[in-house]
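To start, the structure under review is shown below, and the notes come after it.
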Number of protein chains: 4
Amino acid sequence: MTYRVGIINVTGYAGMEAARLLWNHPAARLVAATGRSLAGQRLGEAFPSLGLYEDLPITETIEADVDVVFSSLPTAESAKACAPFVRAGVKVIDIAADFRLKAPGAFEQWMGGGQPHPAPDLLPEAVYGLPELNRDRIAAARLVANPGCYPAAAILALAPAVRAGIIEPTIVVDAKSGISGAGRGSGGGFGYSEVNEDVSAYKIANHNHQPEIAQELGALRGGEEPRVTFVPHLVPMTRGIHATCYAPLAREITQAEVLDLYRDFYHAAPFTSVSTVPPHTKHTLGTNRCIVHPVVDARNGMLVVASVLDNLGKGAAGQAIENMNLMLGIDQAAGLQLPAVYP
Amino acid sequence: MTYRVGIINVTGYAGMEAARLLWNHPAARLVAATGRSLAGQRLGEAFPSLGLYEDLPITETIEADVDVVFSSLPTAESAKACAPFVRAGVKVIDIAADFRLKAPGAFEQWMGGGQPHPAPDLLPEAVYGLPELNRDRIAAARLVANPGCYPAAAILALAPAVRAGIIEPTIVVDAKSGISGAGRGSGGGFGYSEVNEDVSAYKIANHNHQPEIAQELGALRGGEEPRVTFVPHLVPMTRGIHATCYAPLAREITQAEVLDLYRDFYHAAPFTSVSTVPPHTKHTLGTNRCIVHPVVDARNGMLVVASVLDNLGKGAAGQAIENMNLMLGIDQAAGLQLPAVYP
Amino acid sequence: MTYRVGIINVTGYAGMEAARLLWNHPAARLVAATGRSLAGQRLGEAFPSLGLYEDLPITETIEADVDVVFSSLPTAESAKACAPFVRAGVKVIDIAADFRLKAPGAFEQWMGGGQPHPAPDLLPEAVYGLPELNRDRIAAARLVANPGCYPAAAILALAPAVRAGIIEPTIVVDAKSGISGAGRGSGGGFGYSEVNEDVSAYKIANHNHQPEIAQELGALRGGEEPRVTFVPHLVPMTRGIHATCYAPLAREITQAEVLDLYRDFYHAAPFTSVSTVPPHTKHTLGTNRCIVHPVVDARNGMLVVASVLDNLGKGAAGQAIENMNLMLGIDQAAGLQLPAVYP
Amino acid sequence: MTYRVGIINVTGYAGMEAARLLWNHPAARLVAATGRSLAGQRLGEAFPSLGLYEDLPITETIEADVDVVFSSLPTAESAKACAPFVRAGVKVIDIAADFRLKAPGAFEQWMGGGQPHPAPDLLPEAVYGLPELNRDRIAAARLVANPGCYPAAAILALAPAVRAGIIEPTIVVDAKSGISGAGRGSGGGFGYSEVNEDVSAYKIANHNHQPEIAQELGALRGGEEPRVTFVPHLVPMTRGIHATCYAPLAREITQAEVLDLYRDFYHAAPFTSVSTVPPHTKHTLGTNRCIVHPVVDARNGMLVVASVLDNLGKGAAGQAIENMNLMLGIDQAAGLQLPAVYP
């Protein structure tokens, strides 16, 4: 059987990447794709990298009959667009941030600029789409909130340590991202000449991925959220996230014990692996892979964990397809077992 | 049926890319891979980007029973390694340059530093592996000389014009290449800090891809080789070749006529397409695609053709797999219909 | 004595670079700088790279008493802004393209989108500001048309050969430029994620620098313009131009003779040097230097000349200051003898 | 008066940068430069970026009479080369790491691979060359240990907070460096194709800059060293360091109070400034500047400080010249007041 997939806003980078990955999916096919600014063009025309989709029209709305919908619209717009599909029984994966934060008022504070959530009734049932933590709930969900790219990297780096209780709840997440994280047509400030040969931090301790990280790590320790100081940085590359996470050790533990603990945690995860050497973002390019590397800094009683992923892969579209696979009850890894593009 | 493939020197970039592309090939499987410096390790260990090959050992020589062999050894070594396989009836695609130049003495002059060809008896039967020109001969060959990355781009840019006789035989090929063209472990001179933010030409009018371009364009006009001034440049990116080709028009012709002529020439080619706008190397990243864009400079009576491809794709490993498909009698595009990784 | 300099539109890259270079000029000082969008801010505040100018205000117009004015406004606006200063006896260097093309109708055709030149009376007296060709006329000028970045590289590559009559007048100029050539805030199409890891041509045989190159090379052969096919390309780096120029040799000549001819031509030029190896754009970064490298392709009877410069240095602001020095009668190299920033 | 300067190992990046900066120094002149591999060549020949030094020979040892010597030899070799100059009364600035760590056994443990310090008698008198902390001692020194690039960024980020006692002594330093930090000819692992589009950490919590940071921050609090977890990362750019530093606040303090405290601390420093927005490495390119940006993360009781500098400028050669200026009793900023090269 081939499932029919629609993408709302295929013209953003996450939407384009979902279309790319779906091309070779064995059990799903892209049959509808929206994109206001390019409606009327065919997808393969509008984006030469997707030239193989020579006949698929970009439309204003999804009219075709679909089994699954991905949305990568901007915040608030996305929830509005997702809601009717959920209610009509279509499986929905929201790649935007609208259904991630569960606490009352959190959407208003962090996402909505004060405006209320567009579909508050759906918020409780939305499942946070990180299969390493929520595999069964995702499989049963009709609405999945796909993780943010930074939170995916940070949570996968820290989850084993948090659940095992080996670190104190005072966490630093220092994340470095390629520029595609800023989105397509992000314009001002992301011009090549300014961004090339430059590193800078932004939204220091004030980014809306901070509460997302805190919420999900909190869920691993009975709901009590840790303190998370989160600082994102832009580095001159297109794709990739490197999260370096720091937390004081709550008890003495050896490097070997930590490695065992991480390997146990991820032994059944098809896309997250534990490395004994520092991982490289480039080893995940174009894939749904995450590599984590925990290090005990015994001198200072600190746990350091480096994790890497492709912000458009495990950090967005790859993750979305993994979630789709689970929701459809097919092989979790279908269409996603790809070597990285290297060099 | 699944054909069994071996790669000689999987540790070079072309070998690694062949391994990457074979992972999802529907009818072929990598069963043996050599690499002296890494022999003993498993492929997925040695190269994290190929982590999915967790069990395939890197060996010194190919012992397994194989149907096809790719070789990407250095010049002269490659012919030596290919010969026994050809003689044993294994289909061989030589990604190195050893079997490309046919003229007596050409190998000695351009490749061998004066030393003789290691397998001169096989030279006459080797077919130049550009399916856009030699599809049927490739299908019947037992030894294919895979094109060089620059010649692939230049020949595809110029072939329709040369065969139609619309240009004079005094050609300029100005080519820009990403750094991966210099090969893995190319060391000195390709360090990041030197190469980044730099453009330079090298081997001006003296690169061994010049006679290759001249030979194959000559074959399109009855064997009379055109004059080709070829200048390669390195630009600060990893993958991609952009060839800009110039030749005086031999007669008046309109832009529309040239476009028709190019489209006719490539109408059956699955991987080479004709664009009406300047093509971008990035639209071919990770694929076997070539995009050509001919422009009539009527003011000066000049034909300008821009062409782009991924030097490790259509310029090496992708092309090699396309040749393999033809040699095995399976779908020419098997395993190669991939959208580009973008952005 | 310290001359007083004003910059019209300091907020463009050329204006910023002029300000940077003037900071350490021994005989000139920046005393006024305009920039509509940032008027009211101090220069050192608006641009942290120019933080040393902590007290210089950005204004709407130049009110201060000045000896020299640089303008880097957009086409047509620039001529309008320059004219009153020329008439008031202030030395003017127009970094824009307004005063470069001399032929009647050329401005309208190539620059003005059909609209007439804003100051046609000044056009005849404007001197093309390439000191290697017009040193004395620049020294006597009150209005200098600063060369375009591509023409500077192409003309310096070809001038000795054209003047000596060793090449046929059918020239190809294949130029590669860093992205800063597109200007600050050039927005759409120059976002990092699109431009990084990409090479593409644009305005093939249709760029307004083509007539500029033809005009100035024509002046070297009695006014008869050669045919120039000019194709610019964007490569993923911030600064730098590499022009590779091709022309059929008009007579037999050796590599040694060509080198002598080029060395003679440039023996008195402080900023253009002749190299016997392929030059690197990076060796000119941040400087007013141009390096040319002529090669006889004897096999094909072709002259190939590679030339490199920093598009904001010898291709814009550095050149403008060299012109200012000549116009003021001070040392031609004052303030410009800078090693390149490397690596 | 013009002081005479020698550079030991001009062929490393720090040596080359010192030569670049000295070219325009008003009171010092490079008169001798060593470099074993290139001895016999002239400096301007060996390095086209330094073409202005057309007559300066690279020698094996410094024979000329000099007032000051910079050394940028590898560890241990440097101390050996510096010692005779110190003893002969020449001012010496060691850009290598040999004289930085003061604790007995620290050199052996962190630098020497177990071998003893080559000049232990000079270790006590060597002054750590960070003028923001040690201005007067540097001025009186005959031997200065120039700071490491990472420590310079980290210490300048944290010194005001440590001295004021507003943070707990459990510090995280997450640093991102351009690739030139790995040194010229660093070969294996720093090839363009591997490093481009990649971020990775290395020597996690095990880099020899960790004790250097701890030692100097300890000196600011009576010798009691804080715990410092230091993780360096490589990012795909040539120059620049971005250090992001984290420490728990020891008491409540507002953002405004912290800014005041930092501004007070650096009010007399010519090259370190306090920014109210996140700083960009690119705003320091080619300069001796450091920009620090402290942020109170009140939600988590954490101080975050971002700091940026050019690893070859304030992180090496610029700093060395600033130290030289102090040691010679001339203007601290002589030759170093340069706008950044931007974009």
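The values are calculated or read from the model by the stated rules, or taken from the named source; none is laboratory data. Since the structure is predicted, the reported quantities are computational estimates derived from the model, not experimental observations. Counting neighbours? That spans all protein chains shown, and the Cβs are built from the backbone with ideal geometry, glycine included. Side chains included, ligands, DNA and RNA excluded: accessible areas come from the protein's heavy atoms. Shrake-Rupley method; radii C 1.70, N 1.55, O 1.52, S 1.80 Å.
For the reader, a short list of remarks on this structure follows.
- Among (1) within 8 Å of chain A (Cβ to nearest Cβ); (2) surrounded by fewer than 24 Cβ atoms within 10 Å (Cβ to Cβ) - the single one D:ARG251 does not satisfy: (1)
- Residue match in region C:134-155 (condition: of a type in the set (D, E, K, R) and either at pLDDT below 95 or touching a Leu at 6+ places or on another chain (Cβ under 6 Å) (or both)): no
- Residue within region C:185-196 that is closer than 22 Å to B:ALA175 by Cα, open to solvent by less than 20 Å² (accessible area, probe 1.4 Å), of a type outside the set (D, E, K, R) and in the same structural domain as C:LEU303 (by TED's automatic domain parsing) present: yes
- Looking at B:LEU73, B:LEU50, just one residue is free of Cβ contacts under 8 Å to residues at least 60 places away in the same chain and under 30 Å from D:ASP198 (Cβ atoms), and that residue is B:LEU50.
- Failed criterion for A:ALA145 (all others in (1) small (Gly, Ala, Ser); (2) free of Cβ contacts under 8 Å to residues at least 60 places away in the same chain; (3) in contact with a helix residue (DSSP H, G or I) (Cβ under 7 Å, 6 or more places away or on another chain) hold): (3)
- Region C:159-184 - residue that is in contact with a helix residue (DSSP H, G or I) (Cβ under 6 Å, 6 or more places away or on another chain) and modelled with pLDDT of 95 or more and, of those, surrounded by the fewest Cβ atoms within 10 Å (Cβ to Cβ): C:ALA164
- Residue check, C:ASP260 crowded, with 18+ Cβ neighbours inside 10 Å, farther than 29 Å from D:LEU338 by Cα and among the acidic types (Asp, Glu): no
- Scanning region D:287-304 turns up no residue that is touching a strand residue (DSSP E or B) at 6+ places or on another chain (Cβ under 7 Å), in a helix (DSSP H, G or I) and closer than 26 Å to D:PHE99 by Cβ.
- Residues in region C:133-147 that are buried (at least 19 other Cβ atoms within 10 Å of the Cβ) and either of a type in the set (Asp, Glu) or closer than 16 Å to C:SER78 by Cα (or both): C:LEU143, C:VAL144, C:ALA145, C:ASN146, C:PRO147.
- Options B:ILE204, B:ILE241: the member that is crowded, with 24+ Cβ neighbours inside 10 Å and either touching a Lys or Arg at 6+ places or on another chain (Cβ under 7 Å) or at pLDDT 95 or above (or both): B:ILE241
- Here the condition is being within 14 Å of chain A (Cβ to nearest Cβ) and among the aliphatic types (A, V, I, L, M); of D:VAL144, D:VAL162, D:VAL172, D:VAL127, it holds for D:VAL172 alone.
- Scanning region C:291-299 finds no residues that are more than 30 Å from D:TYR192 (Cα to Cα), under 18 Å from the mean Cα position of the chain (by Cα) and open to solvent by 50 Å² or more (accessible area, probe 1.4 Å).
- Residues of region D:216-230 that are within 17 Å of the chain's Cα centre (by Cα) and among the hydrophobic types (A, V, I, L, M, F, W, C): D:LEU217, D:PHE230.
- Residues of region B:241-294 classified as of a type in the set (Phe, Trp, Tyr) and within 14 Å of B:ALA306 (Cα to Cα), total: 2
- For region A:116-200, the helices (runs of 4 or more DSSP H) that sit wholly inside it and include 2 or more residues that are among the small types (Gly, Ala, Ser) are A:131-140, A:149-164.
- Annotation: C:THR75 fulfils all but one of (1) at pLDDT 95 or above; (2) on the phi < 0 side of the Ramachandran plot; the unmet one is (1).
- Out of B:ILE166, B:ILE204, one residue alone is farther than 27 Å from B:VAL296 by Cβ and aliphatic (A, V, I, L, M). It is B:ILE204.
- Residue in region A:307-320 that is farther than 29 Å from A:ASN9 by Cβ and assigned to a strand (DSSP E or B) present: no
- Options D:PRO248, D:PRO211; residue that is touching a Gly at 6+ places or on another chain (Cβ under 9 Å), outside any loop (DSSP other than H, G, I, E, B) and not β-branched (Val, Ile, Thr): D:PRO248
- Qualifying strands (runs of 3 or more DSSP E) (wholly inside region A:1-103; at least 1 residues being of a type in the set (S, T, N, Q) and either buried (at least 18 other Cβ atoms within 10 Å of the Cβ) or not assigned by TED's automatic domain parsing to the domain that holds A:GLU225 (or both)): A:28-34, A:68-71
- When the test is whether a residue is within 14 Å of chain A (Cβ to nearest Cβ), touching a residue at least 24 places away in the same chain (Cβ under 8 Å) and either out of contact with any Cys (no Cβ under 7 Å at 6 or more places or on another chain) or open to solvent by 40 Å² or more (accessible area, probe 1.4 Å) (or both), D:ILE155 does not pass it.
- Only residues that are open to solvent by less than 10 Å² (accessible area, probe 1.4 Å) and in contact with a Leu (Cβ under 7 Å, 6 or more places away or on another chain) were counted across region C:272-286, and they come to 3.
- A:PRO236 closer than 25 Å to D:ASN196 by Cβ, within 11 Å of chain D (Cβ to nearest Cβ), open to solvent by less than 10 Å² (accessible area, probe 1.4 Å) and more than 20 Å from the chain's Cα centre (by Cα): yes
- Only residues that are touching a Gly at 6+ places or on another chain (Cβ under 7 Å) and away from chain A (no Cβ under 14 Å) were counted in region D:274-286, giving 0.
- Residue match in region A:56-70 (condition: in contact with a Cys (Cβ under 8 Å, 6 or more places away or on another chain) and either of a type in the set (A, V, I, L, M, F, W, C) or on the phi > 0 side of the Ramachandran plot (or both)): yes
Results for (1) within 14 Å of chain B (Cβ to nearest Cβ); (2) more than 22 Å from the chain's Cα centre (by Cα), shown as yes or no for each residue.
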site: A:VAL5; (1), (2): no, no
site: A:ASN24; (1), (2): yes, no
site: A:SER37; (1), (2): no, yes
site: A:THR61; (1), (2): no, yes
site: A:LYS80; (1), (2): no, no
site: A:ARG87; (1), (2): no, yes
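- A:LEU130 vs. criteria outside the structural domain of A:SER307 (by TED's automatic domain parsing), surrounded by fewer than 24 Cβ atoms within 10 Å (Cβ to Cβ) and hydrophobic (A, V, I, L, M, F, W, C): no
- B:ILE330 passes every criterion in (1) open to solvent by less than 10 Å² (accessible area, probe 1.4 Å); (2) in a loop (DSSP other than H, G, I, E, B) apart from (1).
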